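Here the structure comes first, spelled out in structure tokens, and everything after it is commentary.
Nothing in this text is a laboratory measurement; each read-out follows from the coordinates by a stated rule. The structure presented is a predicted model; accordingly, all values stated were derived computationally and were not measured. When we count neighbours, we look across all protein chains shown, and the Cβ atoms used for this are built from the backbone with ideal geometry, even at glycine.
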Amino acid sequence: MVYLAVHAAIKIVSVVGLLRNNMWAYPFALISLGALTLYQIYDIFFGSGSIVFIILTVVDIAILALIWREFQKVKTEGFYKKPVS
């Protein structure tokens, strides 16, 4: 239960940072979600191997791929557009 609360908190911080167009949010999201995903993979193979962790891991890998793709796009463009307030 604690793991899921930490997982949710990290995702909320990541989403808020990405929605506010903060560059720090990309590495934060990639590193933190990557670490959580590695733990999930470890748990799948050596722990409980529950279906919930398998589904959560698949979703997290898809999210990591999307974040990585967007981060590469932002870096390639050489600028980062701030939203109009």
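Considering only residues that are of a type outside the set (A, V, I, L, M, F, W, C) and touching a Phe, Trp or Tyr at 6+ places or on another chain (Cβ under 6 Å), look in the range 26-69 and name the one that is nearest to residue 11 (Cα to Cα).
The extreme case among them is 26.
From 67, 41, 54, which residue is in a helix (DSSP H, G or I) and under 10 Å from the mean Cα position of the chain (by Cα)?
67 is the lone residue from the list that is in a helix (DSSP H, G or I) and under 10 Å from the mean Cα position of the chain (by Cα).
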